[in-house]
Amino acid sequence: MSRTNKESDLLSQGPDWSFELIQKYDEEISKIAADFGLDTYPNQIEIISSEQMMDAYASVGMPLGYHHWSYGKQFLETEQNYKRGRMGLAYEIVINSSPCIAYLMEENNMMMQALVIAHACYGHNSFFKGNYLFQTWTDATAIIDYLVFAKKYILECEEKYGIEEVELTLDSCHALMNFGVDRYKRPVPISMIEEKARQDEREKILQQQVNDLWRTIPIMDKAEQQSKNEFVFPSEPQENLLYFLEKNAPLLKPWQREIIRIVRKMAQYFYPQRQTQVMNEGWASFWHYTLMNELYNRGKVEEGFILEFLQSHTNVVSQPSFDSPYYSGINPYALGFAIYTDIKRMCENPTDEDREWFPDIVGKPWVEVLDFAMRNFKDESFILQFLSPKVMRDFRFFGVENDVLDTYVEVKEIHNSSGYQGLRQRLAQQYNLSHREPNIQVQRVNIYGDRSLVLKHTMDHSRPLNEDTIEVVKHFKRLWGFDVRLESWDGDQLEQTYTSQINSEETHS
Amino acid sequence: MSYIIDRRLNGKHKSSVNRQRFLRRYREHIRKAVEEAVNQRSIQDLDRGEQITIPKRDIHEPHFGHGEGGIGSIVHPGNKEFSSGDRIPKPEGGGGQGSGQGDASNQGEGEDDFVFQISQEEFLNFVFEDLALPNLVRKNLKEIKEFSLKHAGVVSEGTPSKLNIVRSMRNAYARRMVMSSGSRKKLAEVEAERDAILALASDTAPEEKAKLEWLDEQIALLKQKIERTPFLDTYDLRYNHHVKEPLPSTKAVMFCIMDVSGSMTQETKNVAKRFFILLYLFLTRNYEKIDVVFIRHHTSAKEVSEEEFFYSRETGGTIVSSALKLMEKIVKDRYSPEQWNIYAAQASDGDNWDDDSRICRKIMEENIVDLVQYFTYIEITPREHQSLWHSYEQVQANHPKSFAMRNIVEVGDIYPVFRDLFQRRQHESNQ
């Protein structure tokens, strides 16, 4: 690393930032990023105050959202914590859109601003653009337009039907939000113009379809009716609960269906982020580290700057041990950063162990391998594919199994040669959405009788549902309009039934 | 290429709507918290915000998720002494949630309380929610005798005393710009031409000299022309415009009447004071201007300052009617009921000269009840009621709309009694 330290090359001195400096740093960082082949959306860097950052927090990082009390709650919580000094605000928020919007806080010094630019505007940004999940599930160019549409639509509904009414519908939709995604189907990209154009049409058609299902006037002759009686609805279990309700709930008004749709689209927008925490944060951390160091290597920043940076960076990627009072699970920044850094190391300085475990990677150009790893995986498969024994040793990972019936927990694997495989699988599983969230699907609807609906929960490792279940079933009922029953199955054994009627939880054993 | 935008100038209260939605939804909780706060803190510092606490489970948003039970699996970092196959006893009573250890999650769904701050304004809103000043409307509908001048923009005609100098000068400036713009443009051209000639030739040829002279002449002419543009013209002038608006009576006077005879202890006075302050705060929310008149009495009544009212002590007997008479006099002298909304609050421990209670009732019914919007009497005593209470009871029976009385035993009663006295009446809520 040859380092030329001419005063004139330095971008700035002193901690203060200015708009010119931010521009200079951004240009320099973008040059370096381009040298490394990072492909990004155009950037839109917005400077905001800490109050505005709290606003941004409250709207789950969306630049504009519809009104709902839960965002108010979020805001009050953030405000209270911040005022009491219980937590600092994040340095940045970045939005998956094109142009990619990144918020910088005015309180930060120049080093932090540069760090955030490298992290968000080039790290996260290139991830949003490159990762297959984001490409499949979100349309970065359309999201802002869609948010505008959604906000306006809900505002109009509130004017027409009353805040109360809209709030009830939204509450129920939010309760089911994590069940608003087709995991195995490709969605249609969302855009405002199309939405608007199709909305009226959709209202009519939807109502028609629903009516067809619930037609009460007999139109067929006897024979046909008999065959119809064996018609099971839905013909296959439905995992996308919100979609099912939007299309089939008999009593919903057209505007309610539209609101379900909006919440569903939001869920879809956040779906990739929920599955790529480790990859996404790790990628951004890896690149802010690489880009900032390169700034120093090219003589653009001084020593004090890079030392200050390293301190911040170390805080970001630190991982407390399980027995530390600061421990709150695995830090996705730390794990992701370690894996990417280790991939680079294996490309450049492989050991014998690496040759055995990762014959495909060893000796390859690291930029290409990293790019491949970023594009084609989600957390679960990424860990399964790239978590090396060295990283497991560095983190001193160990896997534990906890059977509720046992008074002991059992250590299953640790970071040794017999444990690596199992440990890696266990960790990957932890990031598997279908393991993290219960599997609940619409099983059948009694379309000829009382229109009651049955949801089926298939247990994973005999784990029961949480205490919210009855509440959520009630929300489901509010949208469906008729009785709802949720059955919890462990294999062939019906373990528990939750129904939407009050006080009617029964246990089968 | 990145765009860099300064958003700091944008509003920072993007969440305020959502915040209001939240407050609306948890109105019941907040009201309860406010009520407790009012009872606990001293009324003096009622005029600030409050920390509201709501149990977390009440604002929890439910989601499907895994509960405790079954076989949990988790990977932790930082192994020190474990090796595979180790069995670790679960901590007692912890139930072994998740992995049974190290689950020091900072956002658990325990029974933590959700705490947040409401502002002073919001706090008082909740304190006085659903309270209304009785007979507030009546006065507003009375014949309006007062007017106020209000700004109504700017007009081009008016008296010199109402000349709006800034607007006039702005117009003049704009007009001068427009009227001289042609000349100034030409002047610039001519000057440029002259400068060009001067720059080119140092020793000037005769025909150029002639040209220069001509140009100089032009310049002088143009400058004159520009100067001739009038500095201020009649149609530049603008005048402030005012309109007369009828002024509903927004003035109120509050009479605080208190017995300071020997039987009133400092504690009783404190209770009275809190009640008075509460009433004062409440009135300030409804009226722009409030006068407070303090009348204290033992055997004779006297108008005093606030300090003297609450803290100086006197001894002797009690004649309540003296205070009522003084109040009537002050109203006649200074607070004409046409212009003022009159409220009165009287606090006493119930002692009175026996014969006097009858007189009180008479003065009250014949003179005072018709003057005031509302007269409240609080008796601060744990003992049995005496003659004054019974006389006033008759007043209340005859004039339920403008006279009310309650008994207060201890500090905690103040706020409930206050609420009770000023509860929005059904028949008024629609007005």
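The values are calculated or read from the model by the stated rules, or taken from the named source; none is laboratory data. Just so it is clear, the structure is predicted and the values come from calculations on it, not from any experiment. Note: ideal-geometry Cβ built from the backbone for every residue, glycine included; neighbour counts use all protein chains shown.
Here B:Ile226 qualifies as in contact with a helix residue (DSSP H, G or I) (Cβ under 9 Å, 6 or more places away or on another chain), surrounded by 11 or more Cβ atoms within 10 Å (Cβ to Cβ) and within 22 Å of B:Asp236 (Cβ to Cβ).
Can you name every residue in segment A:424-446 that is of a type in the set (A, V, I, L, M) and buried (at least 17 other Cβ atoms within 10 Å of the Cβ)? Within segment A:424-446, A:Leu427, A:Ala428, A:Ile440, A:Val442, A:Val445 qualify. Scanning segment A:466-474 turns up no residue that is modelled with pLDDT of 90 or more, surrounded by 19 or more Cβ atoms within 10 Å (Cβ to Cβ) and charged (D, E, K, R).
Looking across segment A:436-448, the residues that are away from chain B (no Cβ under 12 Å) and part of a loop (DSSP other than H, G, I, E, B) come down to A:Asn446, A:Ile447, A:Tyr448. Look at (1) surrounded by 14 or more Cβ atoms within 10 Å (Cβ to Cβ); (2) free of Cβ contacts under 8 Å to residues at least 60 places away in the same chain; (3) within 30 Å of A:Asp394 (Cβ to Cβ); (4) more than 8 Å from every other protein chain (Cβ to nearest Cβ) and you find that A:Thr497 fails only one, number (3). Kindly evaluate A:Leu479 against the criterion of being more than 10 Å from chain B (Cβ to nearest Cβ), of a type in the set (A, V, I, L, M) and in contact with a strand residue (DSSP E or B) (Cβ under 8 Å, 6 or more places away or on another chain). No. Take B:Ile290 and decide whether it is buried (at least 22 other Cβ atoms within 10 Å of the Cβ) and under 16 Å from B:Tyr343 (Cα atoms). The answer is no for B:Ile290.
Scanning for something within 18 Å of A:Leu38 (Cβ to Cβ) and over 18 Å from the mean Cα position of the chain (by Cα), does segment A:349-362 turn up at least one residue? There is no residue in segment A:349-362 that is within 18 Å of A:Leu38 (Cβ to Cβ) and over 18 Å from the mean Cα position of the chain (by Cα).
On the given criteria, is A:Glu20 within 19 Å of A:Val301 (Cβ to Cβ), surrounded by 19 or more Cβ atoms within 10 Å (Cβ to Cβ), at pLDDT 90 or above and within 12 Å of chain B (Cβ to nearest Cβ)?
Values: within 19 Å of A:Val301 (Cβ to Cβ): yes; surrounded by 19 or more Cβ atoms within 10 Å (Cβ to Cβ): no; at pLDDT 90 or above: yes; within 12 Å of chain B (Cβ to nearest Cβ): yes.
No, not satisfied.
Before we move on, is B:Tyr280 more than 24 Å from B:Thr381 (Cα to Cα) and in contact (Cβ under 8 Å) with a residue 24 or more places away in the chain? No.
Taking segment A:101-150, which residues are assigned to a helix (DSSP H, G or I) and acidic (Asp, Glu)? Spell out how you get there, then give the answer.
The initial filter retains those residues of segment A:101-150 that are assigned to a helix (DSSP H, G or I), namely A:110-130, A:132-137, A:143-150.
Listed by number, the list holds a single entry, A:Asp145.
Here B:Leu388, B:Leu371 are screened, and the one residue that is assigned by TED's automatic domain parsing to the domain that holds B:Phe276 and under 30 Å from the mean Cα position of the chain (by Cα) is B:Leu371.
For (1) within 19 Å of A:Met62 (Cα to Cα); (2) touching a residue at least 24 places away in the same chain (Cβ under 8 Å); (3) within 14 Å of another protein chain (Cβ to nearest Cβ); (4) more than 22 Å from the chain's Cα centre (by Cα), each residue gets a yes or a no:
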residue: A:Asn109; (1), (2), (3), (4): no, yes, no, yes
residue: A:Val116; (1), (2), (3), (4): yes, yes, yes, no
residue: A:Ala120; (1), (2), (3), (4): yes, yes, yes, no
residue: A:Gln135; (1), (2), (3), (4): yes, no, no, no
residue: A:Asp139; (1), (2), (3), (4): yes, yes, no, no
residue: A:Tyr161; (1), (2), (3), (4): no, yes, no, yes
residue: A:Glu165; (1), (2), (3), (4): no, no, yes, yes
residue: A:Asp171; (1), (2), (3), (4): yes, yes, yes, no
residue: A:His174; (1), (2), (3), (4): yes, yes, yes, no
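Cβ-Cβ contacts under 7 Å between residues 6 or more apart (or on different chains), taken from a first residue in segment B:303-323 that is closer than 21 Å to B:Asp291 by Cβ and touching a residue at least 40 places away in the same chain (Cβ under 8 Å) to a second residue that is β-branched (Val, Ile, Thr) and loosely packed, with under 12 Cβ neighbours inside 10 Å, are absent.
Scanning segment A:32-50 for residues that are more than 10 Å from chain B (Cβ to nearest Cβ), over 23 Å from the mean Cα position of the chain (by Cα) and buried (at least 19 other Cβ atoms within 10 Å of the Cβ) turns up A:Ile32, A:Ala33.
Filtered by the rule that a residue be touching a residue at least 40 places away in the same chain (Cβ under 8 Å), within 25 Å of A:Gln273 (Cα to Cα) and assigned to a helix (DSSP H, G or I), segment A:300-333 gives A:Ser312, A:His313, A:Pro332, A:Tyr333. Counting only strands (runs of 3 or more DSSP E) that sit completely within segment B:269-380, those holding 2 or more residues that are modelled with pLDDT under 85 correspond to B:289-297. Only one of the numbered conditions (1) within 28 Å of the chain's Cα centre (by Cα); (2) touching a residue at least 12 places away in the same chain (Cβ under 8 Å); (3) not assigned by TED's automatic domain parsing to the domain that holds A:Glu487 is not met by A:Lys456, and that is (3).
The condition (being touching a Cys at 6+ places or on another chain (Cβ under 7 Å) and not assigned by TED's automatic domain parsing to the domain that holds A:Gly336) is satisfied by just one residue among A:Asn125, A:Asn96: A:Asn125. Test A:Asp403 against the stated conditions and say whether it is within 14 Å of chain B (Cβ to nearest Cβ), within 30 Å of B:Ile88 (Cβ to Cβ), of a type outside the set (Val, Ile, Thr) and touching a strand residue (DSSP E or B) at 6+ places or on another chain (Cβ under 7 Å). So A:Asp403 passes the test. What about B:Tyr239, is it at pLDDT below 85 and aromatic (Phe, Trp, Tyr)? Considered against the rule, which asks whether it is at pLDDT below 85 and aromatic (Phe, Trp, Tyr), B:Tyr239 comes out as no.
Within segment A:57-72, the set of residues being crowded, with 23+ Cβ neighbours inside 10 Å and either polar (S, T, N, Q) or part of a helix (DSSP H, G or I) (or both) comprises A:Ala58, A:Trp69, A:Tyr71, A:Gly72. Considering only segment B:329-346, I want to know if a residue exists there that is closer than 25 Å to B:Asp413 by Cα, of a type in the set (Gly, Ala, Ser) and surrounded by 21 or more Cβ atoms within 10 Å (Cβ to Cβ). The answer is yes, given that some residue of segment B:329-346 is closer than 25 Å to B:Asp413 by Cα, of a type in the set (Gly, Ala, Ser) and surrounded by 21 or more Cβ atoms within 10 Å (Cβ to Cβ).
Hey, could you check segment A:449-501 for residues that are among the small types (Gly, Ala, Ser) and not in a strand (DSSP E or B) and say which is farthest from A:Asn402 (Cα to Cα)?
The initial filter retains those residues of segment A:449-501 that are among the small types (Gly, Ala, Ser), namely A:449, A:452, A:462, A:481, A:488, A:491, A:500.
Checking the rest, the ones that are also not in a strand (DSSP E or B) come to A:449, A:452, A:462, A:481, A:491, A:500.
Values: A:Gly449: 44, A:Ser452: 37, A:Ser462: 12, A:Gly481: 39, A:Gly491: 20, A:Ser500: 31 Å.
Filtering first and then ranking leaves A:Gly449.
Scanning segment A:416-435 for residues that are within 23 Å of B:Phe64 (Cβ to Cβ) and within 9 Å of another protein chain (Cβ to nearest Cβ) gives A:Gln429, A:Gln430, A:His435.
Looking at A:Phe397, is it aromatic (Phe, Trp, Tyr) and within 13 Å of chain B (Cβ to nearest Cβ)? Explain how you work it out, then say what you get.
Values: aromatic (Phe, Trp, Tyr): yes; within 13 Å of chain B (Cβ to nearest Cβ): yes.
Against the criterion (aromatic (Phe, Trp, Tyr) and within 13 Å of chain B (Cβ to nearest Cβ)), A:Phe397 qualifies.
Based on what the data block shows, is B:Val154 in a strand (DSSP E or B) and either at pLDDT 90 or above or on the phi < 0 side of the Ramachandran plot (or both)? So B:Val154 passes the test.
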